[in-house]
């Protein structure tokens, strides 16, 4: 059985559930911003910011921005200055565009992914800014609704999360659309510089051949309320643990 055939039924069910969100109120407001402190192993490594606003003049769309910058001695080892900008629909959270401005060490890339729901195509263009040349331009099929790596989190925030009940998210990062399994693992109380929070821990299974080929783990702690705001993220990678925690 081909991969596209295997995905057809699960995607249909997921798209139906997405359609039900159109009558619901978003669990966040325009202007919501959260700052994060990033640590690598035991060292302070950087800062990040996640924010979302309504697209000016178009309340039917959201624009979310994620910024990450290395700091202190980590910048001397490997400087990072990344910005991801996602535009997605306000009723369904389906992606319309993702722009990645990536500066990591000697890697400087501008990546743009446009999602065309009518043509069911994701078009990606990648520029190597250091060499000033285009390194990728291609189109890949998508379902009627797919999420990018940023809009997916905002979509998950709309869901009713119950421990022991996993779910799937159709995720596209410019290539083939993948159904990512997400485990809802436990409720935990965690202490951060921003305060003490009751949270629910989820784990998207994105490593080991799904979104990322290398092995690893990623766990996310969301507030255990209707807002499901991200309070903490931990990634266990071959270079060591990286943690982003809500700052004051």
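Brief remarks follow.
- Working note: Cα gyration tensor of the stretch 112-241, eigenvalues times five, square-rooted, sorted largest first, giving semi-axes of 30, 18, 14 Å.
- Evaluated over the stretch 33-88, the Cα radius of gyration and Dmax, each in Å: 14.3, 44
- Label-point separation in nm, residue 116 to residue 160, each point 7 Å along Cα→Cβ: 3.9 nm
- Paired Rg and Dmax values of the stretch 50-174, which use every Cα atom, in angstrom: 16.2, 48
- Tail beyond 23 Å, pair distance distribution of the stretch 164-248 (Cα, percent): 28 percent
- Cα-derived Rg to Rh of the chain, Kirkwood definition: 0.95
- Where only DSSP H runs of four or more residues are counted, the chain gives -3500 deg cm²/dmol as its mean residue ellipticity at 222 nm, each run worth -39500 (n - 2.57).
- Label sites at residue 128 and residue 226, each approximated as a point 7 angstrom past Cα along Cα to Cβ, lie 5.1 nm apart.
FYI, it's all coordinate maths here, none of it is from the lab. Being a predicted model, the structure only gives us computed values, none of them experimental. No Cβ is skipped: glycine too gets one built from the backbone with ideal geometry, and neighbour counts run over all protein chains shown.
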